[in-house]
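Notes follow the structure.
Taken together, the values in this text are just the output of simple stated rules run on the coordinates, not laboratory data. Bear in mind the structure is a predicted one, so any value in this text is a computation, not a measurement. We place every Cβ from the backbone using ideal geometry, glycine too, and count neighbours over all the protein chains shown.
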Amino acid sequence: MAERLVGKQAPRFEMEAVLPNGEFGRVSLEENMKNGKWTVLFFYPLDFTFVCPTEITAISDRYHEFEDLNAVVIGVSTDSVYSHKAWMNVPRNQNGIGQIKYPLAADRTQQVSRDYGVLIEEEGVALRGLFIIDPDGELKYAVIHHNNIGRDVDEVLRVLQALQTGGLCPANWKLGQPTLTLQGESH
């Protein structure tokens, strides 16, 4: 049986990555925590595929909204940083991702994918998993689904906003709407 991650300290990670400026660097959960940032960590199966560029570029196009919410986004696959960089060098209209506004990390050892419960061991690739981690390192949100379906950026932002209220948010809650009190009253 899989171990629960939500509500616990998130597995720590440090990985090589291609940074938004196209240079190689490193990303780590500890660095984000040290800087008081929320972390939106998402896994995708492979570079140079069909669904992945649609969500990677959709998140990049709205990255300023994540920044406004004090969040850092990190995309992760088991590909190498060299594959990530090559993919970034392919224009969007040719199934590439072009320049994006957040790092793509390389989980070459597959350990981070394994730690977050998204690794398809027999294929060596990750499922589409998305995790939101607060600045104290607590994993607040996790969703994992089949690789054929891309994520909805609106929903990721909505959940991040809801988590940041610290309140009880009902179904379909949107920023600006009241949260619930323990007695069921809105405030």
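Numbers at a glance
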| read-out | value |
| --- | --- |
| Theoretical ellipticity at 222 nm over the chain - DSSP helices of four or more residues, -39500 (n - 2.57) apiece, nearest 500 | -7000 deg cm²/dmol |
| Helix 52-61 vs. the chain, principal-axis angle (Cα, 0 to 90°, nearest 10) | 60 |
| Sparse-neighbour loop sites [chymotrypsin sites (Phe, Trp or Tyr not before Pro); region 47-127; at most 12 other C-beta within 10 Å; DSSP] | F50 |
| For region 1-53: rounded, prolate or oblate by the Cα gyration tensor [a/c cutoff 1.5] | oblate |
| Angle between the chain longest axis and helix 153-165 axis [Cα atoms, degrees, rounded to 10] | 40 |
| Cα pair distances in region 51-107, grouped into 5 Å bins until the bin that holds the longest one, percent each | 4, 19, 30, 26, 13, 6, 1 |
| Charge context of G137, other residues only, Cβ under 9 angstrom, K/R +1, D/E -1 | -3 |
| Tensor-based shape of region 5-130 (alpha-carbon gyration tensor, a/c under 1.5 rounded, otherwise prolate or oblate) | oblate |
| The chain: relative contact order as a whole-number percent, Cα under 8 Å and 6+ apart | 25 |
| Trypsin sites (Lys or Arg not before Pro) lying in DSSP loop within region 127-185, provided at most 12 other Cβ fall within 10 Å | K174 |
